[in-house]
Structure formats: structure tokens, C-alpha cells
Amino acid sequence: MIITAAPFQGTAAERLRHSAALRRQADVEEMRALAELAAEHSWTTTDELDVVGERAVRIGADGSRLVGEFLPLEVAAIKGISVTAATWLIRDVLNLEARHPALWKAVRAGGVPPYKAFKLAQLAAGYELSQEQALAVDDRLKGKIGRIGWARVMRLARGLIAQVATDKVEAATAKARAERFVRNAPDRGQPTVTELWARLDTTDAQQLEATIQAIAQSLKMLGDTDSLDVRRSKALGILATPARAQALLNGGDDQRYLPRTKVYLHLTPEMLTGDTVARCETLGPVTKSQLAELFGTHRITITPVLHTGDTEQAIDSYEIPNRIREAVTLRDVCEVFPYSSRAARRLDLDHTQPYAPGATAQTRPDNLGPLTRSVHRAKTAGRWRLRQPRAGTFWWTSPAGQRYRISPKGTDDLHDWSPLERKVTWLLDNG
């Protein structure tokens, strides 16, 4: 729902100031609403836990209130964000409310933007401060909030945390070293480019920097005219083939040493004859020219996945055969929860109408959809209700009575639809 009002009249600068004030007001109202919603869904340690239904969870840090585990689903659907993002948002609000009262007061008064306050709450939670320690930091900072720059507030907070929880700061350092990693993911806009990030020992990072710089310099000496940044990127990639890296470090090159990789291309018959785009599971949409670039610079093994659109037959068993699982995964692409972007291939398939032993033809594409475990639990507990009028179209009703329609085109928030619009759309979906 979009709320409109008469346009504010004034100069561009005045309108900018007015819009900033409206945004601050909206932020304050959102924080208050989230805190109240969390209070409505709060539990105490004496509440009875239902193993089958909703459980109490502590999303926030020490001292924050317990809430129902399905609260993030409601917030995610209302705001049109992922369940993970909603969980983080609720976590930060709960932490501010319980562990940083002075900062929370400043947020509710509009004096500190929520995103800034969240960073400080996350810093304290990241060091696993107890509620008492977090309150001590908040108390010593309250005279600074709104009076000095936020970067200075954060520096002071780090210093105070080191004073009140020296052991936890040292433990966090040890934990960081224990959680070293290297990860990569394709650039979502350019599938031929991949981003890589890592956490290394500082000495290893310095050595890696020196080696990258040396290979980049060698490339330049051999005639590479690309910028330094591009040559450094190439150098890191070359380290994937140590023999070629060693040749370059010795002042030469050996093109025999090129990396080998494997890709899965999802194709339809039209893609084989026309100019349409193929979909690669790891890289996303790929054009013919991008494929040519990849094939021309790397040794690639291609595994085509041909989609003919054939309808899979239903079966009686609970277990889902690969052919039906593949059909549903390719149809839905992502989780069938409002606004979710979770890849379907990584999720479990759920029977929309719960499986009943003895009934026939229950396991079929139009009674299946990919869901994360938390959403599946909310559905099983009866908090969220789901119908699938036809294959690939899902109608959700939340515990708060909010309604959403998921189709191959995306999510429709039915909040502002009239009863007639909803009824007609439901009948069309069932047609």
C-alpha cells in the first residue's frame, strides 16, 4: 500500500529537507511498530513449549526477550524482505530495547538513524557481551550520543568494550582465526565475473599481496596492457594453476596451464536454435557471446540440462523421485514464500496438501513446492496456511491475516485487493 499526500511546496532544498524529516519519522514509527509486534509475540520462560507448534526463541543477545519463532515470517512478508533480513531486523530492535536503553531512546526520538544504532548493537552482540556489560557501555556512551560524530561513538564503544570485557575481546580474536575462510560468488550482473572474499592470517595476506603484485608486474613486462587492478585480478586467478604462476614469477609464461571447470546449462529447444539466453546454475543468465568468452579462455566441461516441458506423472509414495524433484525445482526456481530469493535447488520440497498414508497420487508437481525449514514448520504448525490452486501458484495466509499470492511472475501482496479481485483471481487460478 502506498500512502499519498499533497506534494510539499517549496524549493528543491526545502523539499529535500522535508523528505529527510519524513524518512526519520517513518523510521521511528517502524521501530516502534517492530518493538510492539515483538512484545505481542513475546514468551516467558514459564510458557509451555509445544514441540509440534511454535517455539520460543531468543533471536537477540543476552537479556533480550523471547519471541515466537515464526515472528520473522510475518515481518518478512509485510516488508517484502527475506526471512533472514527480517530476523536480523527483529534481532537488532530487541537488542537495542533490552541492552542499549539510552541509544534506543535516541532512536525512538529520531535523534539517531536506526542503521547506525544497529551497528553498535551488533558490535556488542558480536563480542557476546552480557546484558550487564552492554548496559555499562550504553551508560558511558549516553552523554556522547548526538553530540559527536558517529564514527567517534563507534571508536569509543570499541574501547569501552575492551575495558568491560577484555576476555571476550581476546576470545573473539581467537574465534576469528578459527573461522578463516575463502568464498566466492558470481557477480549477479555479469556472470563472466566472480567476486572472491576471504579471511586470512595477516602474515599470509601480506605474502599473498606480494605474490599478486609480482605476478601483475610480470604480466606487464610480458606485454599485458590492462590496468594494474585488472592485472592483479588476473594474478590471483593465475594462482589457481601453480605451475603457470611459477612460470610468471620466473619472468615467463606457459599457456598450457589453464584452469578446468564444469558448468550446468539449462536449455529449452528454443534456446538451441534461437538467440535466447541460457541459464547457468552457478552463473545465472548467460548470453551466447558470454559463453563464447568463457569457452575461449578456459577449458570447460558443459553439462546441458534440456527442458522439454513434459508433465511428470503423479506417484503414491511420500519419497519424491528425481524426475519430479527436477521438474518442480526448474518450475519454481526459488522458495515459494513471499518475496523469498532462496534457490529452490537447495531446499526441501513440501507437500502443499499434507501427505496422508494410503491416499493415491499425492506426490506430483502441482502438490509440491520448495520451502525452507522454518517456513515448513510454520505451515505444519498451522500458523501459516497454504493452498496451491494450480502447479506453481501458491496462496498464503499469515497468522495476522495477511494474504499473498506467489506465481511464476513473483509475489502479489493481496492486502489492498478488493474481495472481488481476490475471488476472481482465485477462480482463474483454479481454472
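Out of curiosity, is L120 touching a Gly at 6+ places or on another chain (Cβ under 7 Å) and under 30 Å from S374 (Cα atoms)?
No: the conditions fail for L120.
Consider the stretch 195-231 and keep the residues that are polar (S, T, N, Q) and surrounded by 14 or more Cβ atoms within 10 Å (Cβ to Cβ). The one that is nearest to L248 (Cα to Cα) is S218.
Residues checked against (1) without any contact (Cβ under 8 Å) to a residue 24 or more places away in the chain; (2) assigned by TED's automatic domain parsing to the domain that holds L89; (3) within 30 Å of Q246 (Cα to Cα):
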| position | (1), (2), (3) |
| --- | --- |
| A124 | no, yes, no |
| R140 | yes, yes, no |
| G143 | yes, yes, no |
| R147 | yes, yes, no |
| M154 | no, yes, no |
| I161 | no, yes, no |
| P191 | no, no, yes |
| W197 | yes, no, yes |
| I215 | no, no, yes |
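The single residue among R383, R387, R377 that is over 22 Å from A85 (Cβ atoms), in contact (Cβ under 8 Å) with a residue 24 or more places away in the chain and either in contact with a His (Cβ under 6 Å, 6 or more places away or on another chain) or among the basic types (K, R) (or both) turns out to be R387. Among all residues of the stretch 12-29, there is at least one that is within 26 Å of G126 (Cβ to Cβ) and either exposed (fewer than 11 other Cβ atoms within 10 Å of the Cβ) or at pLDDT 90 or above (or both). Among the residues of the stretch 78-96, are any over 30 Å from G382 (Cα atoms) and aromatic (F, W, Y)? Within the stretch 78-96, none of the residues are over 30 Å from G382 (Cα atoms) and aromatic (F, W, Y).
The values are calculated or read from the model by the stated rules, or taken from the named source; none is laboratory data. Only a predicted model underlies this, so the values are computations on that prediction, with no experimental measurement involved. Every residue, glycine among them, receives a Cβ derived from its backbone with ideal geometry; neighbour counts consider all protein chains shown.
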